[in-house]
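Visitor: I have a structure I would like to understand better, so I am pasting it below and will then ask my questions one at a time.
What follows is calculated from the coordinates using simple rules that are stated; it is not laboratory data. These figures come from a predicted structure and were not determined experimentally. Here the Cβ is made from the backbone with ideal geometry for all residues, glycine too, and neighbour counts use every protein chain on show.
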4 protein chains.
Amino acid sequence: MVEIAAFADARDWDQFHTPKNLAMALVGEAGELVAEFQWLKPEESSLASMSKDKLRDIELEIADVTMYLLRLADKLEVDIVRAVRDKIEINERRFPIDSID
Amino acid sequence: MVEIAAFADARDWDQFHTPKNLAMALVGEAGELVAEFQWLKPEESSLASMSKDKLRDIELEIADVTMYLLRLADKLEVDIVRAVRDKIEINERRFPIDSID
Amino acid sequence: MVEIAAFADARDWDQFHTPKNLAMALVGEAGELVAEFQWLKPEESSLASMSKDKLRDIELEIADVTMYLLRLADKLEVDIVRAVRDKIEINERRFPIDSID
Amino acid sequence: MVEIAAFADARDWDQFHTPKNLAMALVGEAGELVAEFQWLKPEESSLASMSKDKLRDIELEIADVTMYLLRLADKLEVDIVRAVRDKIEINERRFPIDSID
């Protein structure tokens, strides 16, 4: 999304946004996201049993991960949709449906 | 993307895909992504100086992170685009442009 | 442990072992460690119900995390035991026993 | 360290400390640790050029990672020192010195 780049540019943060640093920031945010879930029982982590506040916190952590993911993809000119489709194809070959049950 | 859910459903993996577990899988993949960069000098992590093979590996790690991120958002009915816009607004208030230089 | 430094020195890897890179390597290994647990139900993650092979894999991931943790602490001259005691004291003030139940 | 278990026991937190949850907590703390380094240039991440405050923050993050690592090892009865020695031996076979230069 263009807003993410605009936000960084307006603050002159582009100099810090090497792919290496963005990957670090991404895993840091992913760590904050996983921390939201760490003491929950599996059933407590479902949408039905989650408080509104908790869900809001998680939404904003998901946003943080997404922003660094898109920024990293942008810097490396990765077409994320194509990359996901490629990876799904690879996974389909690695885990064929017939072999599973 | 609907293919991600279809892939999991076809393999009866939906039972494992609690939000908690998906968050764990996401951070695990983010760890693999950051590992691609860990020994690179900052300038070696740029698109210009990266080998095709390295870039391909990174693309597929980005795909892995994306898939779990979308899957998690889907399970929690998070509208990622809206969440990102909300977070950018929050960040704009936290880091106003005037205050920076 | 002195063997960890010796291993890196013998391979001329010390040049890569900046604190920044070691922190990245650490979180990457922590990601591999968490991946060992991601599809397990809580009760399946206990020692009693874990296969020997699984436990062995986890042990070696714990070793990887430990090695980068010790290496990072070494590079920054952090006394880990003292740091842990300091952090426990901080936590005791933040979460006094009386306040909990 | 026995203080770590005592701290958790006194707060009745042992019930949350399944190996799975501890692995999540560990990677979350590793994410906070890596976040301390994410915008630093490699040379800024060295001990010599780091501020006292920054170093203190890092020390306490190292402590957090260590506490969950020790707690996890304790729960799974992993002898960390032996695991590290085993892993170094494996690495020595995988990366023999002669093959490197």
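Visitor: Given the -39500 (n - 2.57) contribution per DSSP H run of 4+ residues, what per-residue ellipticity at 222 nm results for chain C, rounded to the nearest 500 deg cm²/dmol?
Guide: Numbers: 4 runs with 65 residues, N = 101.
The per-residue figure over chain C is -21500 deg cm²/dmol.
Visitor: Which loop GluC sites (Glu not before Pro) in the stretch D:1-77, with loop taken from DSSP, have no more than 13 other Cβ atoms within 10 angstrom of their Cβ?
Guide: Details: sites: D:3, D:29, D:32, D:36, D:43, D:44, D:59, D:61, D:77; in loops: D:77.
Here the GluC sites (Glu not before Pro) that fit, given the DSSP loop and packing criteria, are D:77.
Visitor: Could you tell me whether chain C comes out rounded, prolate or oblate from its Cα gyration tensor? Rule is a ≥ b ≥ c as square roots of the eigenvalues, rounded for a/c under 1.5, then prolate if a/b exceeds b/c, otherwise oblate.
Guide: oblate
Visitor: Another question, if that's okay. Across the protein assembly as shown, what fraction of all alpha-carbon pairs, as a whole percent, falls in each successive 20 Å bin from zero upward?
Guide: 26, 61, 13, 0
Visitor: Connecting C-alpha atoms closer than 10 Å in a GNM of chain A, tell me which of A:24, A:50, A:67 has the biggest fluctuation.
Guide: Highest fluctuation of the listed residues: A:50.
Visitor: Taking the label point as lying 7 angstrom from Cα along the Cα-to-Cβ axis, what are the distances from residue B:3 to the corresponding position in the remaining copies, in ascending order and in nanometres?
Guide: So the distances to the same position in the other copies read 2.7, 4.6, 5.3 nm.
Visitor: To continue, here is another question. Normalising by the residue count of the stretch C:1-97, find the relative contact order in percent from Cα pairs under 8 Å and 6+ residues apart.
Guide: Numbers: 40 pairs, mean separation 36.3, N = 97.
Dividing the mean separation by the residue count of the stretch C:1-97 yields 37 percent.
Visitor: Shielding by partners for B:68-78, please: the mean number of other protein chain Cβ atoms within 10 Å of each residue's Cβ. Before the final figure, lay out the partial values.
Guide: Numbers: counts 3, 6, 3, 0, 5, 6, 0, 3, 8, 3, 10.
Across B:68-78, the average partner-chain Cβ count within 10 Å equals 4.
Visitor: What residue in chain B has the Cβ closest to the axis turning B into C, and how close is it in whole Å?
Guide: Chain B residue with minimal Cβ-axis distance: B:31, 1.
Visitor: At residue D:14, label 7 Å along Cα→Cβ: distances to the other copies, nm, ascending?
Guide: List, nearest first: 3.9, 4.5, 5.7 nm.
Visitor: Then there's this: Measure up C:75/D:20; B:75/D:41; A:52/C:54; B:52/C:41; B:41/B:87 against 32 Å on the Cα-Cα distance and list the ones that go over. Let's see the in-between values first.
Guide: Working: C:75/D:20 30 Å; B:75/D:41 38 Å; A:52/C:54 37 Å; B:52/C:41 39 Å; B:41/B:87 30 Å.
In this structure, B:75/D:41; A:52/C:54; B:52/C:41 lie more than 32 Å apart at Cα.
Visitor: What is the magnitude of the charge dipole of chain D about its Cα centre, with +1 placed on the Cβ of each Lys and Arg, -1 on the Cβ of each Asp and Glu, and no other charges, expressed in debye to the nearest 20? Don't skip to the answer; put the middle values down first.
Guide: Values: 13 positive and 22 negative charges, 35 e Å.
Dipole size: approximately 160 debye.
Visitor: Average partner chain C-beta neighbours within 10 Å, per residue of D:49-55?
Guide: The per-residue average across the peptide is 1.
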